[in-house]
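Written below as structure tokens is the structure these notes are about.
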Amino acid sequence: MAHLAVSDLHARYGTVDVLKGVSFSMKKGEVIGLVGPSGSGKSTVLRTLVGLTPASAGTVTINETVIDFSNAASVRLARDQMAIVFQQYNLFQNMSVLHNVTVAPTKIKKWPEAQVRQEAEKLLAMVGLADKLAAYPDQLSGGQQQRVAIARALALQPEILLLDEVTSALDPELVNEVLDTIRRLAGEGISMILVSHEMAFIREVADKVIFMDEGEVVEEAPPETMFDAPTTDRARDFFGKILRH
Amino acid sequence: MNYTFQYGVVWDNFDVLMEGAWLTFQLGVIAFGGGAIIGLVGAAIKTYGPRPLRLLVDTYVVFITNTPALIQIYFLYFGLPEVGLRWSNEACVLIGLILNAGAYLTMILRAGFLSVRKTELEAGQTLGFSLVQQIRYIIVPHIAKSVYPALANFFIVVLVMGTSIGALIGVDELTGQAINLSTINYRWLEYFSVVAALYVVLTFVASIGLALLGRWAFRVRARIF
Amino acid sequence: MERIIEQLPRFFTLDNMVLLAQSAGLTLAMTAMGCLIGFGLAFVLVYLRQTPGLWALPLRLVCIAYVEIFRRIPFIVVIYLVLFFIQTVTTDASLFTIAVIAICIYAVAYTADIIRGGIESVAQTQVEAATAMNFSRLRTMVTVVLPQAWPVIVPPAIAFAVSFIKDTALVSQIGVFELTFRGKELNNQGFSALLVFGTIAFCYFLMSFPLSMLGQYLEKRLGTPRGQRSARSIRNG
């Protein structure tokens, strides 16, 4: 049974159609790599899943529950089960690292504080920031902030982790520490949708690669097939340009 | 609330209110204009003048901006007769507002002056510009764009807050007329609600006019809201 | 000039000075109360102004209209309107109360824009992160936006309150025993206007200048990242 099923998803910014009928599904523990040129709508898919961009049509089903994006309670349910990590980390600037990770589980999910704190410290240790609990985001490097953002998302114990170009804003030398973290998460069997330009990394961790262009899913295939022998012209075009080096 | 609104009297005397509005506008323009000249001189002195003059301007600005305009006007209105000068109410208000506006405009224009790079002025100097010419041909065009929104906004302040103070010493601008008419008919709420609306209209018209002037003369996009 | 010198000992009596001090205190009290209450109400106004949904459009428009209208009406007109409006409802209200209400109404309109500016200065991405984690609009505002908007809001808000000290002079017109009213009284008693209003001006100066310097100091302190961190540590205790 599909863990997540997206069917004919449409979204628009004002008068522009950004998503024109996106469909795909995902099994529990799967890692999906979502790739494509800029403006193809990859980030919009993630944003729509957590209700940041309104969906104009289509359905999303998580674990048999259908999400109705026009219903606030339904959207809250979707957000309950999916956690997103942004390209710009978006840590709360007025809260310490630890507070950033604990605020949602304690205040929104209403889980007991002591437990949440313990979990948070474990997660932050896992991403290698055990010594930065009391630091504030403006005291950390981009790579460190992004790792906190990942810990913050994991603290919510989501069914699915959404990673939106999480290394694109980082200086090259900081990219690897974040990729290492994601690699470890993939190894632990966490369901993830990974929007990224890091093709080598996607090839390594993804179970399935989805290629999008101009708001549509153009091709869907396992990494070896997608990168070495894409079947559609557009995909071949794209990977030809990217993978020459 | 047991009060029956009777707006009839207000409409009957609307022309009187219009006269008041016209006086308000005139006072506002003259006060702002006079203040702008003082402001330009003051800003120039603060940027280029010798220390004693700068201190004088500073004292003037600090004192005016930390005391109420009403007190400044009372000082003139009640005080001038003591030194033998009997000026009209309107003159007292006007002088008071000009001096008041001059201090604030000195501050606004000084910020503009500071944004002009010294090199631009030096270029003017080598071309033989006097200080006045430098101000006129180099500084003013340069800062017009950045200073214009603040100036336009301050004009509205003078128009609304400044001129209405005149009512308290018997000047027949818009608020003054409202007081006059109300003491005759006792329809205070009606008159004042209409006058309030007139001020809103007056300021919107002025804002739009200033925005258009800004766009046409200085290519500045000033906000109306 | 000789007249002024002759009046000096009669003017600067202890009684007069105490009276002036009291009325100055009243001026400060009015300003503080009016601006604090107005500031609080302005928050509510700005929050309501952001209520999402088509059904809330009238509410949003009312909030916008309030600010745009009351920012364009002279304070003296507001004072008169409040005075006569309240007097049709009840005759028991004290002049002080009426003055504070008028100050409130005015302060709400002016500080609402300051608050909105502060809130809009917080990156929208902060709000998105909170929304994606199911934060309610109120919780986002209180725990994420306001703490970050604070350093942008406080300096202009203080500057507004300090400059309002001068505007309270207008309530002398309806008979509140504040500083300007005392000035007119003393002038009526025969003291030279130059002496009286010069002294009154100086009293206002003593109240306004140090406070505005304090405001500027706070602005500098809250503006630097180090300042913000110490502000944070003060807040988090």
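Could you say which residue among A:V175, A:V209, A:V148, A:V205 is closer than 15 Å to A:L123 by Cα, touching a residue at least 24 places away in the same chain (Cβ under 8 Å) and either surrounded by fewer than 22 Cβ atoms within 10 Å (Cβ to Cβ) or in contact with a Pro (Cβ under 8 Å, 6 or more places away or on another chain) (or both)? Write out each step before concluding.
On the way: A:V175 fails: closer than 15 Å to A:L123 by Cα; A:V209 fails: closer than 15 Å to A:L123 by Cα; A:V205 fails: closer than 15 Å to A:L123 by Cα.
The match here is A:V148.
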Revision key, fill the gap. Restricted to the range C:207-223 and to residues being free of Cβ contacts under 8 Å to residues at least 12 places away in the same chain and either within 12 Å of chain B (Cβ to nearest Cβ) or not in a helix (DSSP H, G or I) (or both), the residue farthest from B:G79 (Cα to Cα) is C:M213
Review point. Across the range C:191-203, what is the number of residues that are of a type outside the set (A, V, I, L, M) and either touching a residue at least 40 places away in the same chain (Cβ under 8 Å) or touching a strand residue (DSSP E or B) at 6+ places or on another chain (Cβ under 8 Å) (or both)?
Key: 4
Review point. Could you count how many residues in the range C:180-190 are surrounded by fewer than 17 Cβ atoms within 10 Å (Cβ to Cβ) and either touching a strand residue (DSSP E or B) at 6+ places or on another chain (Cβ under 9 Å) or facing chain B (nearest Cβ under 8 Å) (or both)?
Key: 0
**Study point:** Residues (surrounded by 17 or more Cβ atoms within 10 Å (Cβ to Cβ), under 15 Å from A:H10 (Cα atoms) and modelled with pLDDT of 90 or more) located in the range A:54-80
**Key:** A:V60
Check your understanding: Within the range A:8-28, how many residues turn out to be at pLDDT below 90 and among the hydroxyl-bearing types (S, T, Y)?
Key -> 2
Check your understanding: Just for helices (runs of 4 or more DSSP H) wholly inside the range C:66-167: which have at least 1 residues that are within 12 Å of chain B (Cβ to nearest Cβ), buried (at least 20 other Cβ atoms within 10 Å of the Cβ) and of a type outside the set (A, V, I, L, M, F, W, C)?
Key -> C:75-89, C:95-120, C:146-167
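Taking helices (runs of 4 or more DSSP H) that fall entirely within the range B:107-175, which contain at least 1 residues that are under 16 Å from the mean Cα position of the chain (by Cα)?
On the way: elements: B:118-126, B:131-134, B:140-157.
Result: B:140-157.
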Exercise for review: Would you check if C:S23 is over 17 Å from the mean Cα position of the chain (by Cα) and either surrounded by 17 or more Cβ atoms within 10 Å (Cβ to Cβ) or under 30 Å from C:E120 (Cβ atoms) (or both)?
Suggested key: yes
Study note, to complete from the structure: Scanning the range A:178-204 for residues that are of a type outside the set (D, E) and over 14 Å from the mean Cα position of the chain (by Cα) gives A:R184, A:G187, A:G189, A:M199, A:A200, A:F201, A:R203
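Among the residues of the range A:78-98, how many are within 10 Å of chain C (Cβ to nearest Cβ) and within 17 Å of the chain's Cα centre (by Cα)?
Within the range A:78-98, the subset within 10 Å of chain C (Cβ to nearest Cβ) is A:78-80, A:82-96.
Cutting the leftovers down to within 17 Å of the chain's Cα centre (by Cα) gives us A:78-80, A:82-91.
Final tally of qualifying residues: 13.
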Practice item. Could you figure out which of (1) in a helix (DSSP H, G or I); (2) among the β-branched types (V, I, T); (3) buried (at least 21 other Cβ atoms within 10 Å of the Cβ) isn't true of B:T67? Key: (1)
Practice item. Just need a number here: residues in the range B:76-106 that are charged (D, E, K, R), within 14 Å of chain C (Cβ to nearest Cβ) and in a helix (DSSP H, G or I). Key: 1
Exercise for review: Could you tell me which numbered condition C:F177 fails, if it satisfies all but one of (1) in contact (Cβ under 8 Å) with a residue 60 or more places away in the chain; (2) within 14 Å of chain B (Cβ to nearest Cβ); (3) within 17 Å of C:A102 (Cα to Cα)?
Suggested key: (2)
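Which residues, counting only those in the range B:104-121, are aliphatic (A, V, I, L, M), touching a residue at least 24 places away in the same chain (Cβ under 8 Å) and farther than 17 Å from B:T163 by Cβ? Show your work before the answer.
Filtering the range B:104-121 down to residues aliphatic (A, V, I, L, M) leaves B:105, B:107-109, B:111, B:114, B:116, B:121.
Now restrict to residues that are touching a residue at least 24 places away in the same chain (Cβ under 8 Å): B:105, B:107-109, B:111, B:114, B:116.
Correct list: B:M107, B:I108, B:L109, B:A111, B:L114, B:V116.
The values are calculated or read from the model by the stated rules, or taken from the named source; none is laboratory data. Model, not experiment: these values are computed from the prediction. FYI the Cβ positions are ideal-geometry reconstructions off the backbone, even for glycines, and counts take in every protein chain you see.
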